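Asks: Starting off with a structure, shown below.
The values are calculated or read from the model by the stated rules, or taken from the named source; none is laboratory data. Keep in mind it's a predicted model, so treat the numbers as computed, not measured. Cβ sites come from the backbone with ideal geometry, for glycine too, and all protein chains shown count toward neighbours.
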Amino acid sequence: MKINLYDTLNGNVYSVVDMPKENTLESIGVFPGAHVKVESHYNFGGPVAISLGSRNVAIGKALAKQILVKEVLL
Amino acid sequence: MSEKKEIQELMQNNKTILLMGAPNVGKSVFFTHYTKVHVISSNYAGTTVSYMKGDFTLAGNNFTMIDVPGTYSLTSSNEAEELAILFLENNPDGILFVLNAADLEGSIKLFLEVKNYNKQIVCALNLCDVAKRQGKEIDVELLSKELDVPIISTVAVKQEGFKELDQTMESVFSKLDFKKETNIKKDLDIKELWKISKEITDKVVSYTGQKANFLDNFGQKLLKPWPGILYAILIIILSIGIVVGAGKALRAVLLLPLVNNIIVPFFETIFIDVLKVSGILGNVLIGEYGIFRIGFEWIIALILPYVLLFQLVFAFLEDSGLLPRIAILFDNLMSKIGVQGGSLINIMLAFGCAVPAIIGTRTAPTKKERLVVSTLICFTIPCISQSGALISLLGDYSIFLILLLMFANFVLFVLSAKLLSKFISGEIKPMVIEIPNLLIPEKKSFFLKFKARMKSFLIEAEGPMLLAVVLASILTEAGLLDGFSKMVEPIVSGWLGLPSEASLALILGVIRREMSVAPLLAMNLTALQMFTGAIVSLLYLPCLSVIGVLTKEFDLKTSILIFFGTIFNAIFVGGLINQVVSLFI
Ligand SMILES: Nc1nc2c(ncn2[C@@H]2O[C@H](COP(=O)(O)OP(=O)(O)OP(=O)(O)O)[C@@H](O)[C@H]2O)c(=O)[nH]1
């Protein structure tokens, strides 16, 4: 089931299915097929913090909503 | 673009070694080690946004090392990346590439992009201490084989591994025959690069099962919205408290007595008793606004204590990696007023000085964001010299006036951000920001940086400040000010409700920001007058060097608009407050 990155649950791992073509995302390692672990959501329209390998990255809500992901069952 | 030409010439006429790597891997520390040129390093992405160069010798050959801005990739998605590509395309003779041991995957990916340009590369595997703390063990030999490049492990802030690195650089770069190689550049697929990087990382990294330490735990806690926001607010309050409180103490206990009881009386004795100067010259030298009086009162007793403490506190915030964490926690607020959380780092930097903050906006992904943030800084963010002067002005009356001014500043900031993001065309992209590891600042590099900042403050600010002081003395003591004061009296006294001599503040404020406050100190103002004066100064144009940077980074039109816009805005808002409050008292 595809959901957007903003509607994910903390602690789960997801695989990116589809996302807007955005250089800044690709260059830090978010691209279709990449696995991301969702660390936390910030309230009141704040960003989503994810980890990719050993990097922690925060992505603003508006962009996170445009990234489609699928849960990876470990 | 003149910068482009400059770079082409530089690369043609010198043997150049590019210093490259992802943002925040410690490049600045390497650069200082080789060139002895001091650049300022900080723990967040984008300390080096323009480039720095410095000369050094290796095995008897002269080289120029270029500190290229750190980037995550080479896809020209912002001005820093474009600059990095420009350097690579202009035939450098070699590259010192810095890998991040704590984020090998990301480093390898960028390395592969750089390697694609077919240059001689030596790698330093930096931040090995952080990787170790996180329980990672890296097989350097295997990594070196996989990447086909010599690699030396380092902990740059402790100079660990530098000897070996020097030797390797010497043997690799002295063998160059300096025929510029041609680029055989292939097109790369980013996805493929990430896949290869992950494979290599998995091969060379093993985990020791080390428990996460206190810092990593605290870093993780700060990332959670709760209690992160609580910690962030505590950190901000504590920082302001230290700067304001300790600054006040330093001023009252040490600097004011020093200036009032020792330095000024000393010059009074010299000029009045020994040299017997009198008349206009005497007044200009040591009168109420004499150069040798206000020069010390304003610069040493008023501004210096706050600048000193701010630089100490801010250097700590920068090196520890707290700034991006704070930025993330406030992203929601920032996006509501039309900007994004990431730009908060530049805004916080501007509380020190607007110049590096405006240059720092080069990492912004869109033109609009650069312009909005820079304009916002010019209109509403006071630099520390100015804040120091404002704290002295209002604090002597009541701490509540300071709090009120902070609140007014916040409201004006929000309003300006809303207006600017609405009326400047283009788009602002949502935040994408990497969160660095929390670090305990290393004593040596921390103090080096602090020293460098203070030195550059003294060098860059001293000239204009003295100019302002001399101008103030001549204008007031020689009676030249009266004419101007009469001219602007309707504005200064009528609209703003200030004494007419306050016109001096408006003149001096053009040269430097804090000088728009200093003349008000000796004027015996009422609380309302103080507050109006503080608001005018807060919103008044940033100093001349900021106007210069704006012209360079944007264009003449922008800087002229900001020049007149800030003056108008300051007088308009300040007067409005005065008029409205006057209705009630
Ligand atoms: N613990 C530790 N800290 C380091 C090491 N090397 C650098 N640092 C710190 O890491 C932070 C980042 O260093 P910078 O030199 O600013 O990084 P940079 O690569 O120049 O960054 P940009 O200018 O943003 O590209 C600073 O606070 C340094 O003091 C290291 O080996 N170990």
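Rundown of residues vs (1) at pLDDT below 90; (2) surrounded by fewer than 21 Cβ atoms within 10 Å (Cβ to Cβ), yes/no style:
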{"position": "B:K422", "(1), (2)": "no, yes"}
{"position": "B:P441", "(1), (2)": "yes, yes"}
{"position": "B:F450", "(1), (2)": "yes, yes"}
{"position": "B:A472", "(1), (2)": "yes, no"}
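Asks: Of a type in the set (F, W, Y) and more than 16 Å from the ligand (Cβ to nearest atom): does that describe B:F413?
Replies: yes
Asks: Still on this structure, I have one more. When you scan chain A for strands (runs of 3 or more DSSP E) that lie fully inside it, which ones turn up with 3 or more residues that are within 11 Å of chain B (Cβ to nearest Cβ)?
Replies: Correct list: A:35-41, A:48-52, A:55-59.
Asks: Same structure, new question: Among the listed residues B:I435, B:I359, identify the single one that is surrounded by fewer than 20 Cβ atoms within 10 Å (Cβ to Cβ) and over 19 Å from B:T566 (Cα atoms).
Replies: B:I359
Asks: Scan region B:256-268 and tell me whether some residue there is buried (at least 20 other Cβ atoms within 10 Å of the Cβ), in contact (Cβ under 8 Å) with a residue 40 or more places away in the chain and not basic (K, R).
Replies: Checked region B:256-268: at least one residue is buried (at least 20 other Cβ atoms within 10 Å of the Cβ), in contact (Cβ under 8 Å) with a residue 40 or more places away in the chain and not basic (K, R).
Asks: Now a separate question. Taking helices (runs of 4 or more DSSP H) that fall entirely within region B:300-384, which contain at least 3 residues that are over 27 Å from B:A246 (Cα atoms)?
Replies: The qualifying helices (runs of 4 or more DSSP H) are B:331-336, B:354-360, B:367-380.
Asks: Follow-up. Under the condition of being outside any helix (DSSP H, G or I) and within 16 Å of the ligand (Cβ to nearest atom), which residue from region B:147-173 is farthest from the other protein chains (Cβ to nearest Cβ)?
Replies: B:Q159
Asks: Given the condition more than 8 Å from the ligand (Cβ to nearest atom), farther than 20 Å from B:N116 by Cα and at pLDDT below 90, answer yes or no: does some residue in region B:18-31 qualify?
Replies: Taking every residue of region B:18-31 in turn, none turns out to be more than 8 Å from the ligand (Cβ to nearest atom), farther than 20 Å from B:N116 by Cα and at pLDDT below 90.
Asks: Just to be sure I understand, how many residues within region B:108-129 are within 10 Å of chain A (Cβ to nearest Cβ) and either within 11 Å of the ligand (Cβ to nearest atom) or among the polar types (S, T, N, Q) (or both)?
Replies: 0
Asks: Among the residues of region B:141-164, which ones are without any contact (Cβ under 8 Å) to a residue 60 or more places away in the chain and surrounded by fewer than 19 Cβ atoms within 10 Å (Cβ to Cβ)?
Replies: B:E141, B:S144, B:K145, B:E146, B:D148, B:V149, B:P150, B:E160, B:G161, B:K163, B:E164
Asks: Within region B:193-225, which residues are farther than 30 Å from B:K115 by Cα, at the interface with another protein chain (Cβ under 10 Å from one of its Cβ atoms) and small (G, A, S)?
Replies: B:G219
Asks: Among the residues that make up region B:279-294, is at least one of them surrounded by 22 or more Cβ atoms within 10 Å (Cβ to Cβ) and acidic (D, E)?
Replies: Among the residues of region B:279-294, not one is surrounded by 22 or more Cβ atoms within 10 Å (Cβ to Cβ) and acidic (D, E), which makes the answer no.
Let's see how each residue does on (1) within 9 Å of the chain's Cα centre (by Cα); (2) not hydrophobic (A, V, I, L, M, F, W, C):
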residue	(1), (2)
A:E22	no, yes
A:L25	no, no
A:R55	no, yes
A:K61	no, yes
A:A64	yes, no
A:L74	no, no
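Asks: I've got another one for you. Name the single residue, out of those in region B:434-443 being of a type in the set (D, E, K, R) and more than 9 Å from the ligand (Cβ to nearest atom), that is nearest to the other protein chains (Cβ to nearest Cβ).
Replies: The residue in question is B:E434.
Asks: Looking only at region B:324-360, count every residue that is free of Cβ contacts under 8 Å to residues at least 60 places away in the same chain and in contact with a Lys or Arg (Cβ under 7 Å, 6 or more places away or on another chain) and tell me the total.
Replies: 0
Asks: Within region A:5-30, can you find the residues that are surrounded by fewer than 17 Cβ atoms within 10 Å (Cβ to Cβ) and not hydroxyl-bearing (S, T, Y)?
Replies: A:D7, A:L9, A:N10, A:G11, A:N12, A:V13, A:V17, A:D18, A:P20, A:K21
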